[in-house]
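Have a look at the structure below before the remarks.
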Amino acid sequence: MDVTAVDRSAVLGETLLHRAAPASKLVAAGLLLGAVVNANDPLITAGLALSLTGAAAAVRLPLRQMLPLALYPALFALVFAFAAAPGPVTGALVVLKAVTAALVVVMLMFSTPYPQVFAPLQRVVPTIVGDALLMTYRSLFILADKFGDLLRAVRLRSGISTRQPIRAARATIRALGGLLLYSFDLSQREYDILRVRGYQGRLRVSPKTSVEPAADAAALMYAALILAVVLAFRIFHDSLDGYAWLVTVAGALDLAVGLLIGWRHR
Amino acid sequence: MSHIHIPDGVLPWWLWLGGWLLALGLLAVASRFAERAESRRAVPLIGAVSALVLVSMGSEIVPLAYHINLTVIAGVLLGPWLGAISAFIVVLILALMGHGGITVVGLNTLVIATEMALGWALVRGGARLLGRTRIRPVAAVATAVTLAITTTMLVGIVALAGTGAATRETGALDAETLEFRDPFSDGVLSIGLLGEHHGESEEEHAEHAGEGGLSVGRFAAVVYTLGPIGWLLEALVTAGILGYVARVRPSLVFGEPTAEDQHPRYGDEQGRH
C-alpha cells in the first residue's frame with residue numbers, strides 16, 4: 001500500500017475528475033459500488049471493470065499506480081473464492097467483484113484528497129471519530145516515513161535478508177517497537193499542538209466546490225448509466241440473460257476508446 | 001485473519017447492513033465513554049495508534065504472504081472504547097485503499113473491535129494473574145486465543161450468510177415476485193450466456209435453486225488450516241513488542257491510555273515542569 005502515491009495524485013493531479021466536486025465523486029462512487037453489489041453475472045462485472053479502466057485512462061489517471069492497488073484484493077478474493085464459492089463461475093464473479101469495487105474506490109482516492117472524502121463522513125459519525133480520522137491520516141504519512149527509515153537503517157546494517165527470515169523478523173519487530181514508542185511521542189506532540197491552538201473538540205474541513213460542473217455531470221451520468229444497465233440485467237434477467245456478453249464487449253470498447261483518448265492527450 | 005477480505009456484493013444485504021448499524025451503535029457508545037476522558041488527548045492517541053496499525057498491516061514480517069496487524073497491541077494501548085473507534089478508522093481507511101469491501105466495513109469493525117477488546121482484557125488479566133514480568137508469554141497466549149476467537153467469528157459470519165449469500169447476491173431478482181433466483185443453479189454453461197433450463201423441470205430447477213451458496217465447511221477448513229500460521233506469527237510479534245515496551249515504558253502497557261503520566265515529555269520522564 002503506497003499511501004503517499006495515492007495522496008500525491010489526489011492533491012497534485014489535474015485531470016477532469018480532479019476538477020469535479022468531491023461530493024459528486026462520492027455520489028458517483030456510491031452508485032458504481034451499488035452496481036458492483038448488484039451485478040450478478042461475471043460477464044457484466046468484467047464489462048464494468050473494463051469500462052472503468054477505460055474511463056480512468058480517458059481522464060489520464062495514473063493507471064500504472066492504480067491497477068496494482070485495484071488488483072491486490074484479487075489475491076484475498078481468490079482465497080475466499082477457492083474456500084467458499086460453490087463453483088468456478090461464482091468464484092470468478094467473487095474475484096471480479098473484488099477488483100471492480102477496488103477500482104471504483106481507487107479511482108475516487110486517486111482524484112480526491114482524503115480530508116475531502118472524510119468531510120461528509122464527519123457529519124454522520126461522532127465528533128471524536130471524525131477528528132481521529134483526520135489525525136490518523138496525518139500520522140499515517142509521518143509513521144510510514146519513519147518506519148521506512150528504520151527498516152532502511154536495519155537493512156544497511158545487514159539486519160534484513162530473505163535468506164535469514166528469523167533475523168529479518170527480529171529486526172522488523174525491533175523497528176516496530178521503536179515505531180510504537182515514536183507514535184506515542186507523536187501523539188503527545190499533536191496533543192500539545194491541539195492544546196496550543198485551542199482545540200475545542202472539532203476539526204473542520206471545508207468541502208471543496210466544483211471547478212468544472214461539466215465534470216460533475218459527466219461523472220454522475222456515467223455512474224447512473226452503469227447502475228441502470230446492471231439493474232436492468234438483474235430485474236429483467238429472463239429476457240436479457242442471453243445478452244450479458246454485450247456488456248463485456250461494450251466495456252472492451254470503452255477501454256479501447258479510453259486508452260486512445262488518453263494516448264492522444266498526452 | 002483479523003479482518004474479512006470478502007469483497008462487496010458477496011454477503012447478503014441484511015448481513016452487511018446489520019454490520020454497519022451495529023458498528024455505528026458501537027461507535028456511538030464508545031464515543032460517549034471516550035469523551036469522558038480528555039478528548040484532546042484521546043484524538044491524537046487514536047490517530048497515532050491507528051496509523052501504527054495501518055503501517056504494520058502494510059509490512060510483511062517475513063517474506064511470506066502474511067502481514068501483521070498489531071490489533072492486540074492497539075487494544076492494550078487504547079483500551080476497549082478507544083480501540084473500537086480505532087478499529088472503525090483502520091477498517092475504513094483500508095477499504096478506501098481497496099483492501100476489503102466498503103459494504104463490509106461494519107462487520108470488519110465489529111471483528112477488529114472484538115479483537116482489540118479481547119486482547120486488552122486477556123493481556124491485562126493475565127499480567128495481573130501471573131505478574132508483569134511474564135508479559136511476553138501472557139501476550140503471546142492472549143494474541144493466539146484472541147485470533148482464534150475472532151477467526152471463529154469470521155467463520156460464523158460466513159455461516160450466517162450461508163447459502164443465502166451466493167443465492168441472493170449472484171441471483172436475479174424476479175420482478176413479479178420480488179424474489180432472488182440463483183443463475184448458477186443450472187450449471188456453468190448456462191451462466192448468463194444461454195439462460196435456459198436445459199430440459200429441467202420447474203421442480204428440479206426449484207430444487208437446485210438453493211445449492212449455489214457459500215461452502216461454510218470448506219471455508220472453515222481453509223481458514224483453520226492457514227490461520228494458525230498467522231496466529232503464531234502475530235503472537236510472536238506481539239510478545240516481542242509488548243515485552244520491549246513493558247520494559248522501557250511500562251505505564252503504556254499497564255496504565256490507563258489517556259492518563260497524564262502516560263505521556264512523559266523529553267527530558268522530563270515524570271511529566272513535571
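The values are calculated or read from the model by the stated rules, or taken from the named source; none is laboratory data. On a predicted model such as this, the values are computed, not experimentally measured, just so you know. Counting neighbours? That spans all protein chains shown, and the Cβs are built from the backbone with ideal geometry, glycine included.
In the range A:55-97, what count of residues is obtained for those that are in contact with an Asp or Glu (Cβ under 8 Å, 6 or more places away or on another chain), in contact (Cβ under 8 Å) with a residue 12 or more places away in the chain and closer than 18 Å to residue B:161 by Cβ? Count: 2.
The number of residues in the range A:97-117 being among the hydrophobic types (A, V, I, L, M, F, W, C) and more than 9 Å from chain B (Cβ to nearest Cβ) comes to 2.
Would you call residue A:161 at pLDDT below 90 and not in a helix (DSSP H, G or I)?
Answer is yes for this residue.
Close Cβ contacts (under 8 Å, 6 or more residues apart or on different chains) running from residues in the range B:85-106 that are more than 7 Å from chain A (Cβ to nearest Cβ) and over 20 Å from residue B:12 (Cβ atoms) to residues that are of a type outside the set (Asp, Glu) and in a loop (DSSP other than H, G, I, E, B) comprise B:94/B:3; B:94/B:100. Picking from residues in the range B:92-106 that are more than 20 Å from residue A:34 (Cβ to Cβ) and part of a helix (DSSP H, G or I), the one that is farthest from the chain's Cα centre (by Cα) is B:93. Could you go through the range A:46-69 and let me know if any residue there is surrounded by fewer than 20 Cβ atoms within 10 Å (Cβ to Cβ) and modelled with pLDDT under 85. Looking for residues that are surrounded by fewer than 20 Cβ atoms within 10 Å (Cβ to Cβ) and modelled with pLDDT under 85, one finds none in the range A:46-69, hence no. Of the helices (runs of 4 or more DSSP H) lying entirely inside the range A:13-94, those containing at least 1 residues that are closer than 28 Å to residue A:237 by Cβ and in contact with a Gly (Cβ under 6 Å, 6 or more places away or on another chain) are A:22-38, A:42-58, A:63-84.
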